[in-house]
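Below: the structure, in structure tokens.
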Amino acid sequence: MSSSKSRRVIMVPVQSKMARAGTGMSMIAVAKAAQVSPATIVRFERGEELKPRTVEAIQRAYEMAGVEFLEGEAPGLKMHVQGASKRRALR
């Protein structure tokens, strides 16, 4: 996000799948980082509605791993690799 006044992008299920693939994190690793059960990750990625605070916890786990969520015609994300200047955008 370019400024503190930017609107926070709320992650959608397809972005969770993309973030897991991009980070190489397993559902178990994401669940542990977000302090939710692996079944919660499965339910979210299937498109089931979760409490907003649960989605935020999952999103924060990905953001801590270097994921930036993007919005637009097709929701996407950027991977910020630590220790490297390259960024990879997925859409």
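Just so it is clear, none of the values below were taken in a lab; they were calculated from the coordinates. Computed from a predicted model, the values in this text were never measured in an experiment. Cβ placement follows ideal geometry from the backbone for every residue including glycine, while neighbour counts extend to all protein chains displayed.
Just name one of Pro13, Val30, Phe69: the one whose Cα is farthest towards the positive end of the charge dipole of region 13-90 (beta-carbon charges, Lys/Arg +1, Asp/Glu -1).
Selected residue: Val30.
Counting pairs on different chains as well as pairs 8 or more places apart, how many Lys pairs in region 13-90 have Cα atoms under 21 Å apart?
Numbers: Lys17/Lys32; Lys17/Lys51; Lys17/Lys78; Lys32/Lys51; Lys78/Lys86.
Step by step, the pairs that qualify in region 13-90 add up to 5.
May I ask you to list the trypsin sites (Lys or Arg not before Pro) in region 1-77 that are in a DSSP loop and have at most 12 other Cβ atoms within 10 Å of their Cβ? Walk me through the intermediate numbers first.
Details: sites: Lys5, Arg7, Arg8, Lys17, Arg20, Lys32, Arg43, Arg46, Arg53, Arg60; in loops: Lys5, Arg7, Arg8, Arg46.
Passing sites in region 1-77 are Lys5, Arg7, Arg8, Arg46.
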